[in-house]
Structures are given as C-alpha cells and as structure tokens.
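This report concerns only the one structure given below.
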Amino acid sequence: MLLAASSPLTKIVPGLMIWTLVFFFITFYVLKRYAFGPIQKLIDERRERIRQALEEADHARGEARKLLEEHRKLIAQAKSEAEGILAETRRVAEANERRMREETEADRQRRIEETRRQVESETRRALEQIRAEVADLSLIAAEKVTRRSLADEDHRRLIEEAVSELDLSVLEKVD
C-alpha cells in the first residue's frame, strides 16, 4: 500500500484540485451552453419527428382499416348487385322462355285451326264435286234407262231425288 500513496497521481494536491474543479465547471458551462443545448434540441426535435411519424402511422393505419372496411363493403355490395343482376337475368330468361312457349303454342293452335278449316273447306268442295258427279251419272243412267233425253225439269227432279237418297252426312263428319 505504500506504493499507492507514494504515486504522484494519487496524492491530493489542494491547488490542483481547485484548478481541476474550476476547469471542470468552465468546461461544463461551455458544454452546457454550446453543446448540450443544441444536442438536447436535436434530440427533442428527433423525438418530436418520431412522435409525429408514429401519429401519422397510426392515422394511416386507421385510414387503411377504414379503406379496407369500405372496400369490403363495396365488394359485398358488388356481390349483392351481381346476384340481383343474375336473378333479374334469370327472371327475364324465364319470362322470355315462357313467352316463346306461349307464342309457339298459339302459333301451333292457329296452324291447327287453319288446317282444320282447310280440311273442312276441301271436304265441302269434294262433297259438292261428288254431288255434281253423282248428278251427272244419274242423268246418264236415267237417259240410258229411259232411252231418251229428258227435259230440264225432269233432269232436275231426278237429280234432286238421287242426291236426297244419298247419305253424304257420313263424309261431312271429318274430325
């Protein structure tokens, strides 16, 4: 221990100590006035910028959440509208299909009715033609039977009798 006490670095010298303290306080004052103030100011400014950046990040996060929620709502709305459009399209397609069926059925019924009228008309025309031929055949047969020509009155009377005896109602009942 003797060595430590004999070293000039460990000796307490009052004058040196006072000058060390004076220079320490002068250095401290200069550092505080010219270094610590600007350094503290820089630290405070940086702290403020970091705080503002965090607030902006929180604000941006909030807006991002809000936008995400709006986006989800828009997607849900778009899906809803798409489903509505699909439903409307299906309804229109079904209505068009039903209308086409009805029009086709009406056209079919009209054609059936037209065909039925044509058949009835052709049947009436054929019956008139048959009556005319029966009348002519009757006249020819009557002439051959009587071997002479009959007067117009006789022709007419014989034709009417022959035609009235024929049962053409069976031919008229065509369904």
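Taken together, the values in this text are just the output of simple stated rules run on the coordinates, not laboratory data. On a predicted model such as this, the values are computed, not experimentally measured, just so you know. Here Cβ is always computed from backbone atoms with ideal geometry, including for glycine, and neighbour counts include all displayed protein chains.
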**Asked** Among the listed residues 104, 115, 123, which satisfies the condition of being surrounded by 10 or more Cβ atoms within 10 Å (Cβ to Cβ), among the hydroxyl-bearing types (Ser, Thr, Tyr) and within 30 Å of residue 162 (Cα to Cα)?
**Response** 123
**Fill in**
If you go through 145, 134, 119, 92, the only one that is part of a helix (DSSP H, G or I), touching a residue at least 40 places away in the same chain (Cβ under 8 Å) and of a type outside the set (Phe, Trp, Tyr) is 119
